[in-house]
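The values are calculated or read from the model by the stated rules, or taken from the named source; none is laboratory data. Only a predicted model underlies this, so the values are computations on that prediction, with no experimental measurement involved. Methodologically, a virtual Cβ is constructed for each residue, glycine included, from the backbone with ideal geometry; neighbour enumeration extends over all protein chains shown.
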Amino acid sequence: MRQSIRRRDVLKTTLPFFTPFAQKAARAAGPMKITKVEMVRVRKDLRIHDVSPNWTWVLLHTDQGITGIGESYPTQEAHHGALKELAPMLLGKDPTNIERLWQDIFYRISYQPWGGAEFRMLTAINIAQWDILGKAAGLPVYKLLGGKAQEKLRVYNTMNGWPVYGMRDHDPEKITEFLLKRGIKAIKIYPYDRGPVNAFARHGGTFITQAELKQSLDPIQRIRKVAGDEMEIALDLSSKWNLPCSLQIAKSLEPYGIMYLEDPMLPDDLQAYATLARETSIPICNSERLATRFRFRELFELHAVDVVMYDVTWCGGISEAKKISDMADTYKIPTSPHTGGGPVLWFASIHTATSLTNFYIMESVFHLYNDLYPHFIKNVPVPINGYVTAPDTPGLGVELREEPFRNGDAVRETIAEL
């Protein structure tokens with residue numbers, strides 16, 4: 001009775017900022033400690049509809065019987081070594097002290113040039129902590145982040161070689177019609193480094209001819225012919241181009257009303273991005289390849305981005321994703337999360353985006369949520385009429401299937417235990 005009253009009080013609380021509210025939920029849930037750290041890896045030779053899962057899950061077990069799940073991807077072997085290094089730091093710690101544990105791990109790994117597998121495991125740990133906190137408080141994660149700023153989330157569909165019932169990137173008309181019938185009115189394509197033209201393969205991102213510029217417009221023109229302006233089009237350049245090529249590509253696209261141009265260059269020179277953003281009318285989106293609020297701060301200060309993208313399982317977890325988004329909002333920049341990984345990323349991104357006042361649009365991949373994720377997860381959120389909504393169950397709401405563990409498609413391993 002006493003605990004249910006506390007949870008009701010939490011629900012009535014005004015939500016000024018996510019950390020104080022989350023801390024109140026943690027106090028209501030009571031102290032706990034991490035007793036075991038497990039890793040779940042997917043069988044390497046597993047292929048589902050011609051795609052191999054490449055994610056790693058981290059399971060944090062507590063003395064209260066609550067388990068949280070986190071995720072990152074790819075490079076499972078590197079993740080294994082990184083988690084073995086970090087897991088002893090977690091044992092005996094209260095997982096609801098999210099900010100403290102993030103900072104302790106971050107400063108531990110920052111003695112090296114930080115990034116890579118250690119940082120991705122920090123990210124997975126952080127996601128699992130939010131899952132634990134939500135379960136302990138009896139609340140979905142989005143409520144701990146500030147509640148519903150978005151009732152539902154508009155999605156686009158990424159075509160990155162993934163099949164849609166046998167259709168791939170080279171079937172733009174069929175794919176466009178397929179998506180429109182499902183209410184999905186935005187698509188992301190890769191004509192500059194995939195497909196019949198593939199100018200990158202010819203020149204390595206340092207040069208593009210006028211003929212290649214015109215030929216690369218073909219799928220865009222075909223989508224426009226089928227859907228007119230009903231279908232929004234985003235272009236991903238996979239960070240493979242230099243500044244002159246990026247400028248040429250952007251200029252050639254300007255007549256087509258492009259939603260945004262994503263990652264044309266590596267984000268290692270943000271001044272180059274500032275030049276590109278200044279010289280084209282197409283919104284520039286950047287970047288799933290950046291991590292932490294510290295790196296994104298420089299991007300914002302240079303006015304080098306129009307739409308901010310991060311991957312919740314790469315950028316530092318739910319905590320950093322929320323901070324990056326809030327920082328972007330102070331610059332009037334919207335947020336468009338990257339979700340082309342595993343199912344926990346999909347859940348975590350939906351919860352995070354639901355709490356954002358500056359949400360723009362979110363990536364989705366039909367083949368992943370329709371074919372791949374359900375092999376492992378019972379309750380995968382599926383877009384309806386072009387929108388997806390967050391689960392209202394406590395924590396992230398992920399319900400694992402037992403079958404993949406029984407048949408060896410997914411393997412648990414204890415990394416550390418009290």
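Among the candidates Ile233, Ile249, which residue alone is buried (at least 20 other Cβ atoms within 10 Å of the Cβ), part of a helix (DSSP H, G or I) and in contact (Cβ under 8 Å) with a residue 12 or more places away in the chain?
Ile249 is the lone residue from the list that is buried (at least 20 other Cβ atoms within 10 Å of the Cβ), part of a helix (DSSP H, G or I) and in contact (Cβ under 8 Å) with a residue 12 or more places away in the chain.
Conditions (1) over 23 Å from Asp193 (Cβ atoms); (2) in contact with a Phe, Trp or Tyr (Cβ under 7 Å, 6 or more places away or on another chain), marked per residue:
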position: Asp263; (1), (2): no, no
position: Asp268; (1), (2): no, no
position: Gln271; (1), (2): yes, no
position: Leu276; (1), (2): no, no
position: Pro283; (1), (2): no, yes
position: Asn286; (1), (2): no, yes
position: Thr292; (1), (2): yes, no
position: Arg297; (1), (2): yes, no
position: Glu301; (1), (2): yes, no
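Could you tell me which residue of the range 135-182 is surrounded by the most Cβ atoms within 10 Å (Cβ to Cβ), considering only residues that are part of a loop (DSSP other than H, G, I, E, B) and among the charged types (D, E, K, R)? Result: Asp169. Is it the case, given these coordinates, that Ile223 is farther than 29 Å from Ala390 by Cα, in contact (Cβ under 8 Å) with a residue 40 or more places away in the chain, of a type in the set (A, V, I, L, M) and outside any loop (DSSP other than H, G, I, E, B)? Taking the combined requirement at face value, the residue satisfies it. Ala353 meets the conditions (1) over 30 Å from Asp63 (Cα atoms); (2) free of Cβ contacts under 8 Å to residues at least 40 places away in the same chain; (3) crowded, with 24+ Cβ neighbours inside 10 Å; (4) not β-branched (Val, Ile, Thr) in every case but one. The failed one is (2).
Number of residues in the range 60-102 that are over 24 Å from the mean Cα position of the chain (by Cα), in a loop (DSSP other than H, G, I, E, B) and more than 16 Å from Ala29 (Cβ to Cβ): the value is 2. For the range 100-113, the condition of being of a type outside the set (Gly, Ala, Ser), surrounded by fewer than 19 Cβ atoms within 10 Å (Cβ to Cβ) and within 13 Å of Gln129 (Cα to Cα) holds for at least one residue. Residues in the range 41-64 that are farther than 24 Å from Glu118 by Cβ, touching a residue at least 12 places away in the same chain (Cβ under 8 Å) and not β-branched (Val, Ile, Thr): Arg43, Leu46, His49, Asp50, Asp63, Gln64. Here Pro244 meets the list (1) within 23 Å of the chain's Cα centre (by Cα); (2) in a helix (DSSP H, G or I) almost entirely, failing just condition (1).
Residues in the range 47-59 that are part of a loop (DSSP other than H, G, I, E, B) and crowded, with 17+ Cβ neighbours inside 10 Å were compared, and the one that is modelled with the highest pLDDT is Trp55.
Restricting attention to the range 280-294, does a residue exist that is among the aliphatic types (A, V, I, L, M), assigned to a loop (DSSP other than H, G, I, E, B), over 30 Å from Lys225 (Cβ atoms) and touching a Gly at 6+ places or on another chain (Cβ under 9 Å)? Yes: the range 280-294 contains one or more residues that are among the aliphatic types (A, V, I, L, M), assigned to a loop (DSSP other than H, G, I, E, B), over 30 Å from Lys225 (Cβ atoms) and touching a Gly at 6+ places or on another chain (Cβ under 9 Å).
Residues in the range 68-85 that are crowded, with 22+ Cβ neighbours inside 10 Å and either without any contact (Cβ under 8 Å) to a residue 40 or more places away in the chain or among the hydroxyl-bearing types (Ser, Thr, Tyr) (or both): Ser72, Tyr73, Ala82. Exactly one condition in (1) closer than 19 Å to Asp104 by Cβ; (2) under 23 Å from the mean Cα position of the chain (by Cα); (3) in a loop (DSSP other than H, G, I, E, B) is false for Lys44; which is it? The single condition Lys44 does not satisfy is (1). Considering the range 267-296 alone, what residues qualify as being among the aromatic types (Phe, Trp, Tyr) and under 17 Å from the mean Cα position of the chain (by Cα)? Result: Phe296, single match.
Residue by residue, here is whether (1) aromatic (Phe, Trp, Tyr); (2) in contact (Cβ under 8 Å) with a residue 12 or more places away in the chain; (3) within 20 Å of Glu320 (Cα to Cα) holds:
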position: Ala87; (1), (2), (3): no, yes, no
position: Arg100; (1), (2), (3): no, no, yes
position: Leu122; (1), (2), (3): no, yes, yes
position: Gly134; (1), (2), (3): no, yes, yes
position: Thr158; (1), (2), (3): no, yes, no
position: Pro163; (1), (2), (3): no, yes, no
position: Met167; (1), (2), (3): no, no, no
position: Asp171; (1), (2), (3): no, no, no
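Kindly indicate whether Lys251 is charged (D, E, K, R), touching a Ser or Thr at 6+ places or on another chain (Cβ under 9 Å) and over 19 Å from Leu145 (Cα atoms). Yes, satisfied.
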